[in-house]
1. Answer with one residue from TYR311, ALA331, SER345: the one whose Cα lies farthest towards the positive end of the charge dipole of the stretch 292-359, charges on Cβ with Lys, Arg +1 and Asp, Glu -1.
2. How large is ³J(HN,Hα), in whole Hz, for each residue of the stretch 385-398 in order, when computed from phi with the Karplus curve 6.51 cos²θ - 1.76 cosθ + 1.60 and θ = phi - 60°, using x for Gly and Pro?
3. Please identify, among THR176, THR25, THR316, the residue showing maximal mean-square fluctuation in a Gaussian network model of the chain using a 10 angstrom Cα cutoff.
4. Run the dipole for the chain about the Cα centre, Lys and Arg Cβ at +1, Asp and Glu Cβ at -1, nothing else charged, and hand back the magnitude in debye, nearest 20.
5. Taking the radius of gyration and the Kirkwood hydrodynamic radius from Cα positions alone, what is the Rg/Rh ratio for the stretch 1-133, to two decimal places?
6. Once both axes come from the Cα atoms, what is the angle between helix 8-23 and the longest principal axis of the chain, in degrees from 0 to 90, rounded to 10?
7. On a 0 to 90° scale, report how tilted helix 107-130 is relative to the longest principal axis of the chain, with both axes built from alpha carbons and the result rounded to the nearest 10.
8. From the phi of every residue in the stretch 272-284, what ³J(HN,Hα) in whole Hz does the Karplus formula 6.51 cos²θ - 1.76 cosθ + 1.60 yield, where θ is phi - 60° and glycine or proline is x?
Amino acid sequence: MWKLLTEKKVLSWALYDWANSAFATVMLAGLFPVFFKQYWSAGQAATTSTFHLGVANSVAGIVIVLLAPILGAIADAGQARKRLLLSFAALGMIMTAALYGVEKGAWLAAAVLYALGVIGFMGSVIFYDALIVKVTRPEHYDLVSGYGFSLGYLGGGLLFTLDVLMTLYPTWFGFTDASEAVRFAFITVAIWWALFTLPLAFNVPADEGLRLPVFKAVRGGFRQLRNTFAEIRRLKVVSLFLVAYWLYIDGVDTVVRMAVDYGMSIGFDSNDLIVALLITQFVGFPSALLFGILGNRIGAKAGILIALCVYFIVTTWAYFMQEVYEFYLLAVVIGLVQGGVQSLSRSLYARIIPPEKSGEFFGFYNMMGKFAAVIGPVLMGSVAVLTDSSRLAILSVTLLFLIGGILLLMVDVKEGERMARQL
């Protein structure tokens with residue numbers, strides 16, 4: 001196992017999870033939601049800033065929903081998966097660093113830069129996921145996918161720890177106050193992301209074959225996209241899995257992006273919430289790798305279902321939560337399953353699609369995942385505004401885990417693998 005995980009191309013691929021998890025941790029889940037509410041949305045009601053943050057996430061999600069399948073098909077047609085990954089990553093890095101210059105109260109500018117950063121992050125992940133077929137064989141997908149998420153939790157957690165320390169003790173690092181430290185933290189995310197993307201840029205093999213001119217690649221991509229639509233309709237197992245994934249990953253992403261906002265809305269101190277997120281990161285590091293091993297033993301589908309049961313219980317518990325220590329316990333439990341449901345979903349999907357068309361098929365995969373990111377935050381934000389209850393907002397997420405899990409039970413993985421080979 002360790003020989004596989006230390007192969008240059010496998011390790012370099014997995015290190016991109018280490019790289020981009022800085023954005024996922026600091027921006028999507030950690031410091032940005034707190035800073036957006038307290039600094040850029042100063043003077044606004046808690047439910048109003050929740051709505052603005054939800055809309056920013058949803059706009060970014062809509063863009064990816066519209067572009068993901070097209071970009072995936074263009075990448076396959078033009079042999080450009082790696083190049084497009086690096087281009088979207090650069091967009092995310094630049095927009096994240098630009099947040100340093102946004103003044104207090106300028107919530108709209110912060111939301112726009114954040115949304116563009118999210119587009120860069122999510123766009124790069126389309127092609128990162130698709131490259132798994134270039135670095136390992138199908139029998140190793142569960143382990144390698146879990147390895148990437150495991151390194152992501154560790155890498156994101158380490159930078160998040162540094163940024164939290166800068167925020168709590170700004171004078172130690174030469175800052176005048178916490179707000180200056182948080183703004184500089186956005187620059188550290190961009191630097192970290194860029195630095196640890198280099199191994200993938202140099203060591204992961206680029207697509208083989210003829211590189212088409214841009215116009216021909218786009219034309220070929222649209223032609224290929226039409227074919228993929230037809231193939232997905234034929235591949236009933238893929239279609240059913242995508243719908244199930246759309247629903248349950250909606251719940252997962254909403255919990256990740258809105259947990260800190262929810263905790264603040266029910267009166268918890270932001271510092272306690274940040275520490276809880278750190279706990280999730282470091283618990284997630286070994287558990288994501290263990291879920292990869294578990295997937296090899298009992299199957300990816302069974303591993304995902306276990307994680308979804310835990311998520312359903314945790315989200316219901318969050319509705320009744322009263323004390324900060326409960327938030328810490330929830331952070332531990334979520335850390336145990338979050339990486340597992342993400343990594344096993346990626347590896348299960350890789351098994352039931354044709355590998356030579358991984359870009360376009362993972363375009364649809366990410367389209368469904370990001371379409372979930374459109375609905376979830378807006379659902380939670382809208383329920384919060386309409387009912388004036390953040391607790392009812394978080395409870396609404398349980399329905400997504402329930403329906404998604406039921407549909408996943410109906411997915412025949414063996415039949416999906418057979419049809420992918422046949423195609």
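1. Of the options given, the answer is SER345.
2. Karplus-based 3J(HN,Hα) across the stretch 385-398 equals 6, 5, 9, 6, 9, 5, 5, 5, 4, 5, 5, 4, 5, 4 Hz.
3. THR176
4. Dipole magnitude for the chain comes out near 1640 debye.
5. Using Cα coordinates only, the ratio equals 1.05.
6. With both axes taken from Cα atoms, the answer is about 30 degrees.
7. Here the helix axis deviates by roughly 30 degrees.
8. Ordered by residue, 3J(HN,Hα) equals 4, 5, 5, 4, 4, 5, 4, 4, 4, 4, 7, 6, x Hz.
The values are calculated or read from the model by the stated rules, or taken from the named source; none is laboratory data. This one's a predicted model, so the numbers in the text were calculated from it and none came from an experiment. Don't worry about glycine lacking a Cβ; one is built from the backbone with ideal geometry, like all the others, and counts go over all protein chains shown. Calculation scope for accessible area: heavy atoms of the full protein, side chains included, ligands and nucleic acids excluded. Shrake-Rupley method; radii C 1.70, N 1.55, O 1.52, S 1.80 Å.
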